[in-house]
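The values are calculated or read from the model by the stated rules, or taken from the named source; none is laboratory data. If you're wondering where the values come from, they're calculated on a predicted model, not measured in any experiment. Don't worry about glycine lacking a Cβ; one is built from the backbone with ideal geometry, like all the others, and counts go over all protein chains shown. SASA here: full protein model, heavy atoms, side chains in, ligands and nucleic acids out. Shrake-Rupley method; radii C 1.70, N 1.55, O 1.52, S 1.80 Å.
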Amino acid sequence: MCQSGKEIKLCTCVPSGMKTIIHHKNSRKNKNKRRNDFTWTLEKCLGFSKTTMDGMGYMPDETLSEDLTNERMLFDLNTKNCFDFDYQPNEEDNLQIFTPENSIRRHLSFIFKNGEWIADSHLPFMYEMEKINYGKVTFEDKTDNKND
């Protein structure tokens, strides 16, 4: 697989404005407050939901950008630690990577099953999920880390 010279890191640093609630998101006043970063959320599956809910969920994409594809993320997740915190994946953990808010909200989704990450998603409204951590996706040049 051809990879760019960038290494993907899932950083727990909070993207600017991630904790800010913006009302009337389409107003001109708040246009510059929207996030421009790719973000991620890691959740633990607690099992089937005890309540029923109707709604529509969006299916995950296979590609968000040149550097963020299912193929690339699966390779990185299954061969090294992409997280900047101490984390051991558990069965059915779900990692989602989202596009910036200034575009149509698309995402990649990965589930940890049988000892490895796979491209998959939990059906919306069917499972109870608990947030483990979140942050932004950073891209670091691989050449910066070659001081060995």
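Note on region 39-62: residues that are of a type in the set (F, W, Y) and open to solvent by 40 Å² or more (accessible area, probe 1.4 Å) total 2. Provide a single number: the residues in region 65-82 that are closer than 15 Å to F139 by Cβ and open to solvent by less than 50 Å² (accessible area, probe 1.4 Å). Total meeting the criteria: 8. If you go through region 42-58 and pick out every residue that is hydrophobic (A, V, I, L, M, F, W, C) and closer than 24 Å to F83 by Cα, you end up with 3.
Evaluated against (1) open to solvent by 60 Å² or more (accessible area, probe 1.4 Å); (2) touching a residue at least 12 places away in the same chain (Cβ under 8 Å); (3) of a type outside the set (V, I, T); (4) farther than 14 Å from E7 by Cα, S121 falls short on exactly one condition, (1).
Test D93 against the stated conditions and say whether it is more than 14 Å from L123 (Cα to Cα) and either in contact with a Leu (Cβ under 6 Å, 6 or more places away or on another chain) or surrounded by 11 or more Cβ atoms within 10 Å (Cβ to Cβ) (or both). Don't jump to the end; show me each part of the working.
Details: more than 14 Å from L123 (Cα to Cα): no; either in contact with a Leu (Cβ under 6 Å, 6 or more places away or on another chain) or surrounded by 11 or more Cβ atoms within 10 Å (Cβ to Cβ) (or both): yes.
It is false that D93 is more than 14 Å from L123 (Cα to Cα) and either in contact with a Leu (Cβ under 6 Å, 6 or more places away or on another chain) or surrounded by 11 or more Cβ atoms within 10 Å (Cβ to Cβ) (or both).
Residue pairs whose Cβ atoms lie under 8 Å apart, sitting 6 or more positions apart in sequence or on different chains, and linking a residue in region 75-100 that is closer than 18 Å to E130 by Cα to a partner that is assigned to a helix (DSSP H, G or I), are L95/L77; I97/M73. Condition check for D76 on (1) of a type outside the set (A, V, I, L, M, F, W, C); (2) more than 14 Å from the chain's Cα centre (by Cα); (3) at negative phi: one failure, at (2).
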